[in-house]
Number of protein chains: 2
Amino acid sequence: MRFLIIIFFILFTAHQGNSQFEDEKQIKAIYDLALTKGKSYDWLNYLSNQIGGRLSGTVQAQQAVEYTKSLLDSMGIDRVWLQPVMVPKWVRGTPEFAYVETTPGLTTNLPICALGGSVATPLGGIKANIIEVNGIEELATLGAEKITGKIVFYNRPMDPTLISTFEAYSGCVDQRYSGAKEAAKFGAIGVIVRSMNLRLDDLPHTGAMDYGNTVASKRIPAAAISTKGAEFLSATLKLSPNAKFYFKQNCKIFDDVESFNVIGEIRGSKYPDEIMVIGGHLDSWDLGDGSHDDGAGCVQSMEVLRLLKASGYKPQRTIRVVLFMNEENGLRGGRKYAEVAKDKKENHVFALESDAGGFTPRGFSFDCTDAHFEQVNNWRHLFEPYLIHLFVRGGSGADVGLLKDDGIVLAGLRPDSQRYFAHHHAENDTFEHVNKRELELGAAAMTSLVYLFDKYGIVKSP
Amino acid sequence: MRFLIIIFFILFTAHQGNSQFEDEKQIKAIYDLALTKGKSYDWLNYLSNQIGGRLSGTVQAQQAVEYTKSLLDSMGIDRVWLQPVMVPKWVRGTPEFAYVETTPGLTTNLPICALGGSVATPLGGIKANIIEVNGIEELATLGAEKITGKIVFYNRPMDPTLISTFEAYSGCVDQRYSGAKEAAKFGAIGVIVRSMNLRLDDLPHTGAMDYGNTVASKRIPAAAISTKGAEFLSATLKLSPNAKFYFKQNCKIFDDVESFNVIGEIRGSKYPDEIMVIGGHLDSWDLGDGSHDDGAGCVQSMEVLRLLKASGYKPQRTIRVVLFMNEENGLRGGRKYAEVAKDKKENHVFALESDAGGFTPRGFSFDCTDAHFEQVNNWRHLFEPYLIHLFVRGGSGADVGLLKDDGIVLAGLRPDSQRYFAHHHAENDTFEHVNKRELELGAAAMTSLVYLFDKYGIVKSP
């Protein structure tokens, strides 16, 4: 008996060793392919420089749908299709204009841009006293008396002491998203929001805002101001508290239009009904070309399929790339995908999103059970040679997060975040700020994780 | 007795807990200061944009000496001084010029730059057949018969599959450093070396080369060609093996001149004779402004002193910043510093170099004993909240490495390396490619490591 145990132990260990060696070899093959014959950078070049910014409902968004579908079509995978979804259509209109006036006629122009979803100002713009606050909470302290008839200037900066810039963003973005809705309750006639940017520069950063259930007649225009503009405005108000602020924007919301999620899949050889999703969002803001947010995530997701195929790996489960439409100002694509998946009773076991920029990958965050997280943790050593160290619990992504249920492992790629908000939603989110190797390393890390989950399956939760 | 043991255990654990809490607090204070009131970025701005590239022996190198000394003087530290050192003076001269000619009169200009230390071509340039090799090893295979009278074109690229780009650099740089010396042995009349750059672009990257003991009359001119230029030249030679290459450069070596290492220190309160060095190199190549190589390391090193002081920490050991002169083309500053330290029988217990760019810090490499490495490994958890994960054995840096002996812990900052060689020694090593937060995070990581080594001392090697 003891002899048998020893034999078993030797065989088991050999098997484990083999298996680990096989994983190391496969992951090395994935990285080598990504770094020597990668396609993601060329695809992103086209998406960014030949198509450009692709806000939902625009011609560019449709071009992006067609381009990425054609790429998937050319890959020789099992199925490629478009999933229709109605999306909002908000249009910026002509360039916005703003100034601060300390004395009648003495004005300084300031760089602003309308927030996505905002209403226009009246045709001639609005001009009023402007009151600085450190966040939404301060409105109640000031009260309607001090706010009515004024423009509210939200100027709480991102906290530079947080190492993850995404945390710093979370601590500020309520000003942008809900600032107008809340200020309107106190009689404000417009809001100006400090851009969500840790750097001092001249670029205003747009992004989604929401009026909630504010009736149409009470909706006030909202714009972002550059960080340097915000510092200037704040300093001006200290010297001249009665300075007036003028801004003009003629953005407009049109009726919803039809658009699409772009989907392609390799059917699983053994468990075709177990679906693993990899995705990013195809729409972007209009100011830049959306290279980091989220062109990078889209091309990396497509590259996962290509790298699996090119490395000769045959997935046991169905590997599906989903390029979601309308993450930025509606999340309609993500909702539609989750809704259809539910209707069809599809069994999603894993979903990975890349929507944090095309920078050097540092690791992944996981939204899953303890058992699943333990499973992932056992793979850490396979990633260490590639300088992927970060395996943490946390959110996955706005689009794939909607698939959340008990059985699924949700994951998000975590690239280095230091430069991200210097580009996010601004006119300098452009192709030249993406580094080819960093983008490719992200795609390789994603592919390696997908490979491991496909090979070993998702452990059954206790 | 058992009771006493329990009491001891409780006290010991409490002490450990206190100590750990204190370390966490101190490191958090260092990071907060670095990220909110950091000076390194402003200093680098001046060094890069007001002074610029500062090759040894130039006016700019002297300006850099004076500027950084004035910064240290203003810090209110215990001692600031200049350490004289004779340095080589190599001057590039007027811009280089090169073309490939497939048919007489049919030429294509190619971007080149002289390698540092190279001799000039004759005044009218040289024009000859050019022969491509994949590295120095190939010379012997070809033999003098095929090389004599020709220009040798070294075209082995950096290996893109290596995750650390420094490893890829190490695998190629012999072509640049020794290519001319080796090719001359086979009768070559000049060498052209593919730039040490993973990216395809139009910028030639300079860097040190060496003739060894080749007599002056046998020294042949050497230049770098941009990576795109190298690809073009290689493709041209496949179509037209008899194409001629022309290049012209009028660089020159002058007599050595005096320069300085810039040194400042805080004297240790308890063990003043135990010296901890933090440093970078003050000289840079002439094409860019040397922001990443190694302006970043210099300002980070000075910032270590400032952060220690600003956080109210009183070092027990002597903390000394050394800004080394002439790392790039002679290492004279590092040698002089080590020589003087030895002469004075100074006891160096720790040295940390930052000379790998101002990018997001990933960790440190350590050149030390097993016991010392174990000591460092016990601090990993203190760095993890700051996304510093990499603690590896390896080289420290060219300048501090010269202090190596059994008792010292040598360390090197390891920033993310993906973008480094796109800028290294080229005209785009400039200030706008340094991110403020990334630079500051590096300074904070360095300061935290210095704090821990100062507080706990260097364990005695067994």
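For the pair segment A:308-329 / segment A:434-462, the C-alpha centres are spaced 11 Å from each other. When both segment B:154-168 and segment A:347-425 are represented by their alpha-carbon centers, they are found 29 Å apart. Between A:Ser259 and A:Val85, A:Met86, A:Val87, the built amide H atoms are under 5 Å apart, and every one of these is 5 or more places off in sequence or on another chain.
Rounded to the nearest 10 degrees, the inclination of helix A:227-239 to the longest alpha-carbon principal axis of chain A is 30 degrees. Most simply put, chain B has about 55% antiparallel DSSP beta bridges, counting only bridges with both residues inside it.
Averaged over the residues of B:415-421, the number of partner chain Cβ atoms lying within 10 Å of the residue Cβ comes to 4.
Only protein atoms count toward the accessible area here, which uses a 1.4 Å probe; on chain B, the carbon and sulfur part of that area reaches 55 percent. With angles folded into 0 to 90 degrees, how steeply does helix B:2-37 sit against the dominant principal axis of chain B? Use alpha carbons for both and round to 10. Here the helix axis deviates by roughly 50 degrees.
Ranked by the mean number of other Cβ atoms within 10 Å of their residues, highest first, the peptides B:127-139, B:326-338, B:368-380, B:26-38 come out as B:326-338, B:26-38, B:127-139, B:368-380. Note on the protein assembly as shown: Kirkwood radius taken over Cα pairs, Stokes-Einstein applied at 20 °C and 1.002 mPa s, translational D equal to 70 µm² s⁻¹. Each Lys and Arg Cβ is given +1 and each Asp and Glu Cβ -1; about its Cα centre, segment B:94-250 then shows a dipole of about 440 debye.
Between helix B:436-456 and chain B there is an angle of about 50 degrees, using the helix long axis and the longest principal axis of the Cα atoms. In this assembly, the A-B interface accounts for approximately 2600 Å² of buried accessible surface in total, computed with a 1.4 Å probe and without ligands, DNA or RNA.
Computed on protein heavy atoms with a 1.4 Å probe, the accessible areas place A:Phe97, B:Phe366 in the order A:Phe97, B:Phe366, largest first. Pairs over the 29 Å Cα-Cα cut-off, from the set A:Lys309/A:Lys460; B:Lys181/B:Lys436; A:Lys28/B:Lys460; A:Lys89/A:Lys248: B:Lys181/B:Lys436; A:Lys28/B:Lys460. Over 20 Å apart at the Cα level, from the set A:Lys150/A:Lys218; A:Lys150/A:Lys228; B:Lys150/B:Lys185, are A:Lys150/A:Lys228. Over all other residues within a Cβ to Cβ distance under 14 Å of A:Asn18, the charged ones net out to -1, with Lys and Arg as +1 and Asp and Glu as -1. Extending 7 Å from the Cα toward the beta-carbon at both B:Ser269 and A:Ile126 defines two label points whose distance is 5.7 nm. Placing +1 on each Lys and Arg Cβ and -1 on each Asp and Glu Cβ, with no other charges, gives segment A:345-423 a dipole about its Cα centre of roughly 260 debye. Around the amide H of A:Asp355, modelled in the peptide plane, lie the amide H atoms of A:Leu413, all under 5 Å away and 5 or more residues distant in sequence or on another chain. Taking the charge dipole of chain B about its Cα centre, with +1 at Lys and Arg Cβ atoms and -1 at Asp and Glu Cβ atoms, the residue from B:Gln418, B:Ser217, B:Phe350 reaching farthest to the positive side is B:Ser217. The spacing between segment A:65-94 and segment B:206-283, judged by their C-alpha centroids, is 50 Å.
Looking at segment A:110-181, none of the chymotrypsin sites (Phe, Trp or Tyr not before Pro) sits in a DSSP loop with at most 10 other Cβ atoms within 10 Å of its own Cβ.
Computed over the alpha-carbon pairs of chain A, the distance histogram in 10 Å steps reads 4, 20, 28, 22, 14, 7, 3, 1, 0, 0 percent, short to long.
The value obtained for segment B:285-364, namely the Cα convex hull volume divided by the number of residues, is 113 Å³ per residue. The phi torsions of segment B:46-59, fed into the Karplus equation with coefficients 6.51, -1.76 and 1.60 and a -60° offset, translate into couplings of 5, 4, 7, 9, 9, 9, x, x, 9, 5, 3, x, 8, 4 Hz, rounded to whole numbers, with Gly and Pro shown as x.
Comparing each chain alone with all protein chains together (probe 1.4 Å, DNA, RNA and ligands left out), the residues of segment A:30-47 losing at least 40 Å² of accessible area are A:Leu35.
Approximating the spin labels as points 7 Å out from Cα along Cα→Cβ, the B:Glu22-to-A:Lys25 distance works out to 5.4 nm.
Annotation: the antiparallel percentage among DSSP beta bridges lying fully within the protein assembly as shown is about 55. Working value for segment B:94-250: equivalent-ellipsoid semi-axes of 21, 19, 16 Å, each the square root of 5 times a Cα gyration tensor eigenvalue, largest first. Amide H contacts of A:Val133: A:Phe153, A:Tyr154, A:Asn155, each under 5 Å away and 5 or more positions distant or on a separate chain (H built 1.01 Å from N in the peptide plane; Pro and chain starts excluded). Once both labels are positioned 7 Å from their Cα atoms along Cα-to-Cβ, the gap between A:Thr107 and B:Val59 label points is 4.6 nm.
The values are calculated or read from the model by the stated rules, or taken from the named source; none is laboratory data. Please read all numbers here as calculations on a predicted model, not as lab measurements. Ideal geometry is used to build each Cβ from the backbone, glycine not excepted, and the neighbour counts take in all protein chains shown. Only protein heavy atoms, including side chains, enter the accessible area calculation; ligands, DNA and RNA are left aside. Shrake-Rupley method; radii C 1.70, N 1.55, O 1.52, S 1.80 Å.
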